[in-house]
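**Student:** Input: one structure, supplied below.
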């Protein structure tokens with residue numbers, strides 16, 4: 001399992017990052033809420049897709065991998081993935097060799113073989129999925145109904161979408177959903193966005209409505225189309241299917257944390273939601289908690305129009321350091 005998360009630990013890092021964000025001596029103030037700043041200004045981290053082969057790829061496999069590479073953001077595509085070719089007969093890096101050794105222990109892999117890796121906080125890397133290379137496997141990895149729905153909601157103004165990974169216990173699933181939806185309805189009426197949005201230093205760059213809007217999206221662990229995300233989230237907890245999991249997602253598909261439902265209550269939901277709706281004092285993505293999901297969305301085009309050109313932000317610091325200009329004031333009329 002990736003890690004065991006407790007409510008107290010979540011609250012600890014939440015306030016830790018709030019403290020970092022409040023250090024005005026190092027950071028530039030910004031009144032845009034975290035969820036909107038992430039949507040317009042943070043580029044998603046790339047999911048690592050390792051292609052293992054022995055010697056060389058056959059013609060059909062080579063063509064498949066090449067087409068997939070062209071779809072990645074590294075090649076100008078829209079899926080935030082990085083393809084790493086690994087020849088097991090050649091020199092392998094430590095990360096690739098470690099991954100391959102674990103795969104051989106788990107399954108009888110036949111070449112070519114694919115492993116998907118996500119980078120989490122503290123430089124940790126996890127491998128929630130591995131299997132044979134095929135067109136169908138790559139299609140399921142890069143797209144799923146839940147990820148399409150996430151993108152749709154964020155681009156229509158949803159602030160935060162809470163994924164609910166269902167367990168085998170229908171009663172627990174129902175209780176978790178009702179508790180979450182009830183608290184989110186209260187927070188929608190209670191939370192006020194920061195003042196000063198739209199002023200210099202806090203400009204909005206897209207026409208997506210700026211709303212305080214929260215929603216719940218259920219994830220069925222039995223759905224083969226959702227296997228990648230389900231494996232990723234369930235790997236955080238030893239409880240597996242015995243308990244539903246809650247995952248607040250914002251921005252361009254950034255998951256804030258994976259929480260077992262039994263450890264989530266109204267105050268914790270409020271704390272996490274207030275953090276995401278508060279002023280984004282910490283503009284550096286790496287200083288904020290969370291990890292990015294694999295999404296196949298042309299975010300820049302959806303946010304900024306056909307050209308996909310991102311407006312150039314101008315910081316308050318840059319304004320203060322710019323050279324002042326003098327102008328000639330014409331004399332007034334004398335009687």
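**Student:** Apply the a/c threshold of 1.5 to the C-alpha gyration tensor of the range 70-198 and tell me whether it is rounded, prolate or oblate. Present the calculation step by step, with values, prior to reporting the outcome.
**Tutor:** On the way: a/c = 2.45, a/b = 1.80, b/c = 1.36.
It is prolate, given that a/c is not under 1.5 and a/b is the larger ratio.
**Student:** Now for a separate question. Given R₀ = 56 Å, FRET efficiency for residue 107-residue 197 by Cβ-Cβ distance, to 0.05? Please report the intermediate quantities before stating the final value.
**Tutor:** Values: r = 50 Å, r/R0 = 0.90.
Between residue 107 and residue 197 the formula returns 0.65.
**Student:** Give me the percent relative contact order of the range 47-142, please, defined on Cα pairs under 8 angstrom at least 6 residues apart.
**Tutor:** Details: 132 pairs, mean separation 32.1, N = 96.
Relative contact order comes out at 33 percent.
**Student:** Based on Cα coordinates alone, diagonalise the gyration tensor for the range 139-215, multiply each eigenvalue by 5, take square roots, and list the semi-axes in whole Å, largest first.
**Tutor:** On the way: eigenvalues 169, 80, 11 Å².
In descending order, the three semi-axes are 29, 20, 7 Å.
**Student:** Per residue, how big is the convex hull of the range 188-307 when only Cα atoms are used? Give it in Å³. Don't skip to the end; give the middle numbers.
**Tutor:** Values: hull volume 17.3 nm³, N = 120.
Taking only Cα atoms, the range 188-307 has a hull volume of 144 Å³ per residue.
**Student:** Let me ask another. I want the antiparallel fraction of DSSP beta bridges within the range 47-142, as a percent rounded to 5.
**Tutor:** Details: 11 of 19 bridges.
Approximately 60 percent, going by the DSSP bridge assignments.
**Student:** Another question, if that's okay. From the Cα gyration tensor of the range 111-179, with a ≥ b ≥ c the square roots of its eigenvalues, which class applies: rounded if a/c is under 1.5, or else prolate if a/b is larger than b/c, or else oblate?
**Tutor:** Working: a/c = 1.78, a/b = 1.58, b/c = 1.13.
Prolate, because a/c is 1.5 or more and a/b exceeds b/c.
**Student:** Additional query: By how many nm would the segment from residue 121 to residue 225 lengthen if fully extended, with 0.36 nm per residue of separation less the alpha-carbon distance? Provide the component values of the computation, followed by the final result.
**Tutor:** Working: separation 104, 0.36 × 104 = 37.44 nm, distance 2.62 nm.
So the chain would gain 34.8 nm between residue 121 and residue 225.
**Student:** Residue 182 to residue 301: FRET efficiency via 1/(1 + (r/R0)^6), r the Cβ-Cβ distance, R0 30 Å, to the nearest 0.05? Let's see the in-between values first.
**Tutor:** Working: r = 37 Å, r/R0 = 1.23.
Here the calculated transfer efficiency is 0.25.
**Student:** Let me ask another. How large is the Kirkwood hydrodynamic radius of the range 170-234, counting all unique pairs of alpha carbons, in Å? Walk me through the numbers before you get to the answer.
**Tutor:** Numbers: mean 1/r = 0.0654 Å⁻¹.
Mean inverse Cα-Cα distance, inverted, gives 15.3 Å.
**Student:** Sorting check: for 257-270, 38-51, which peptide has the highest mean count of neighbouring beta carbons within 10 Å, and how do the rest follow?
**Tutor:** Details: 257-270: 18.3, 38-51: 20.9.
Highest mean packing first, the order is 38-51, 257-270.
**Student:** Shape of the range 30-88 from its Cα gyration tensor (a ≥ b ≥ c, root eigenvalues): rounded if a/c is under 1.5, otherwise prolate when a/b > b/c, or oblate?
**Tutor:** Working: a/c = 5.93, a/b = 2.95, b/c = 2.01.
Taking the square roots of the gyration eigenvalues as a ≥ b ≥ c, the range 30-88 is prolate.
**Student:** Moving on to the next point. Calculate, in nm to one decimal, what residue 56 and residue 169 gain on full extension: separation in residues at 0.36 nm each, minus their alpha carbon distance. Don't skip to the end; give the middle numbers.
**Tutor:** Details: separation 113, 0.36 × 113 = 40.68 nm, distance 4.65 nm.
Contour length minus Cα-Cα distance gives 36.0 nm.
**Student:** Which ordering of 252, 152, 108 is given by a fewest-first count of other beta-carbon atoms within 10 Å?
**Tutor:** Values: 252 24, 152 13, 108 6.
The order, fewest Cβ neighbours first, is 108, 152, 252.
**Student:** Return the distance in nm (one decimal) between the two label points of a simple spin-label model at residue 94 and residue 215, each offset 7 Å from Cα along Cα→Cβ.
**Tutor:** Distance between the two pseudo-spin positions: 4.4 nm.
**Student:** Take every Cα-Cα distance within the range 118-268, group them into 5 Å bins from 0 onward, and report for each bin the whole-number percent of pairs it holds.
**Tutor:** Taking all Cα pairs of the range 118-268, the binned fractions are 2, 8, 16, 19, 19, 15, 11, 6, 3, 1, 0 percent.
No value in this document is a laboratory result; all are computed from the given coordinates. Since we're looking at a predicted model, the values are computed, not measured. Backbone-built Cβ (ideal geometry, glycine too); neighbour counts: all protein chains shown.
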